[in-house]
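Down below is the structure, laid out as structure tokens.
The values are calculated or read from the model by the stated rules, or taken from the named source; none is laboratory data. Computed from a predicted model, the values in this text were never measured in an experiment. All Cβ positions, glycine included, derive from the backbone under ideal geometry; neighbour counts span all protein chains shown. For the accessible areas, the whole protein counts, side chains as well, though only heavy atoms, and no ligand, DNA or RNA atoms are used. Shrake-Rupley method; radii C 1.70, N 1.55, O 1.52, S 1.80 Å.
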Amino acid sequence: MYPELKDKVVIITGASTGLGKAMAIRFGKEKSKIVINYFKKDDPAVEGIIQQINELGGDAIAVQGDVTKEQDVKKLVQEAVSKFGRLDVMINNAGMENEVPSEDLTLDDWNKVIATNLTGAFLGCREAIDYMIANDIKGSVINMSSVHEMIPWPHFVHYAASKGGIKLMSETLALEFAPKGIRVNSIGPGAIDTPINAEKFADPKLKAGVEELIPMGYIGKPEQIAAAAAWLASDEASYVTGITLFADGGMTKYPGFQAGRG
Ligand code: NAI
């Protein structure tokens, strides 16, 4: 736990499910003030998350919005400031994927994934950083990348391209805004048990295939990614900018070369 996160104002996009929800609850435990962005109108999950955060001693509001829409992203920052008075941490987490052999990938599918995963994160970075500069806040921006910012992924070319884009976008922004004390980092999760993987992990054969790619031998839990986000937002990471923090059970370390196999 990081006492300095108490009362920090945190926006998390795509926060009604999976990693976003786990991060919202983690920042609730830290007693932060959280703006939960959610996508699906009237999402029934949101009320329960707010209640849980309140019970943990944090505070939260929910703001519906589509991260691909400039006005919706501007609204997230406006709502954070009007309800909680400032913004300290921006977590661009919203994302999507779909499996399509690249020769069949439609322009619509390509555009949708790039718009959500990369352009949405850019808009979140820009709006948050603009606010932080104007208000002299040495904030923390965290972008949800993936091990696929470095591991190529056949049938997911749009997803891999979006996460590769996140890597250099984060690094570039880190360099540009380091003099202002604004830190920009990414998290690179491996395979984590969230709705994005529900179908795959429901099939024991597919699940076992994924587990084989993980040196630590098991699918990660959303809380393990939320812990990485809390650390990056905390003062313990005050000298850390421009990194991707891989939380992947070793997936990026060439598991094929584990002892006896390489
Ligand atoms: P998820 O499917 O539960 O979460 C994605 C969230 O993004 C959902 O709440 C969805 O409603 C929201 N979203 C989608 N389009 C949106 C839009 N246009 N505007 C606002 N919100 C939108 O899956 P998960 O795993 O929690 O994914 C979160 C992030 O983590 C994504 O960026 C994903 O690429 C990344 N990630 C997940 C991994 C995993 O194994 N679960 C591994 C590596 C990265």
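About the Cα centre, and with charges only on the beta carbon of Lys, Arg (+1) and Asp, Glu (-1), how big is the dipole of the chain? Nearest 20 debye, please. The partial results should precede the final answer.
Working: 27 positive and 34 negative charges, 102 e Å.
In debye, rounded to 20, the chain gives about 500.
Taking amide H positions as placed 1.01 Å from N in the peptide plane, with prolines and chain starts having none, which residues 5 or more places from residue 34, or on another chain, fall under 5 Å of its amide H?
10, 59, 60, 61
Within 10 Å, at most 16 other Cβ atoms, and a DSSP state outside H, G, I, E, B define an exposed site. Report the longest part of the chain free of exposed trypsin sites (Lys or Arg not before Pro). Numbers along the way, then the final one.
On the way: sites that count: 6, 40, 41, 69, 86, 138, 253, 261.
For trypsin sites (Lys or Arg not before Pro) (loop position, at most 16 other Cβ atoms within 10 Å), the longest site-free span of the chain is 139-252.
Using each residue's phi in the stretch 137-143, evaluate 6.51 cos²θ - 1.76 cosθ + 1.60 at θ = phi - 60° and report the 3J(HN,Hα) Karplus result to the nearest Hz, with x for Gly and Pro.
Each residue of the stretch 137-143 in turn: 9, 8, x, 10, 10, 10, 10 Hz.
Starting from the Cα of residue 69, draw a straight line to each of the aspartates and glutamates and keep only those under 18 Å, dropping any in the same chain fewer than 8 residues away.
Partners within reach: 79, 108, 109, 127, 130.
What FRET efficiency comes out for the pair residue 261/residue 42, r = Cβ-Cβ distance, R0 = 30 Å, nearest 0.05?
0.05
Can you give me the distance in nm between label points at residue 196 and residue 109, each placed 7 Å from the Cα along the Cα-to-Cβ direction?
Reported label-point gap for residue 196 and residue 109 is 1.7 nm.
Of 175, 206, 245, which has the largest mean-square fluctuation in a 10 Å C-alpha GNM of the chain?
Per the Cα network of the chain with a 10 Å cutoff, 206 tops the list.
Ignoring ligands, DNA and RNA, please state the percent of accessible area on the chain from carbon and sulfur, probe 1.4 Å.
Numbers: 6920 of 12570 Å².
Result for the chain: 55 percent of the exposed heavy-atom area is carbon or sulfur.
Over the chain, with a Gaussian network built from C-alpha contacts below 10 Å, which listed residue (248, 72, 43) shows the highest mean-square fluctuation?
Sorting by GNM fluctuation, first place goes to 43.
Counting heavy atoms of the protein chains only and a 1.4 Å probe, report the per residue accessible area for the stretch 100-223 as a whole number of Å². Write down the numbers at each step before the final one.
Numbers: 6050 Å² over 124 residues.
For the stretch 100-223, the per-residue accessible area is 49 Å².
Hey, if you put +1 on the Cβ of every Lys and Arg and -1 on every Asp and Glu Cβ in the stretch 19-130, which of 90, 120, 58 ends up farthest toward the positive end of that dipole?
Of 90, 120, 58, it is 58.
Report, by chain and number, residues whose modeled amide H sits under 5 Å from the one on residue 246, excluding near sequence neighbours (fewer than 5 apart, same chain).
The answer is 188.
In nm, what is the difference between 0.36 nm times the number of residues separating residue 136 and residue 213 and their Cα-Cα distance? Write down the numbers at each step before the final one.
Details: separation 77, 0.36 × 77 = 27.72 nm, distance 4.37 nm.
Taking residue 136 through residue 213 to full extension adds about 23.3 nm, to one decimal.
Across the stretch 172-189, in residue order, what do the Karplus-derived ³J(HN,Hα) couplings come to in whole Hz, using 6.51 cos²θ - 1.76 cosθ + 1.60 with θ = phi - 60° and x for Gly and Pro?
After applying 6.51 cos²θ - 1.76 cosθ + 1.60, I find 5, 5, 4, 5, 5, 10, 4, x, 8, x, 8, 9, 10, 9, 10, 10, x, x Hz.
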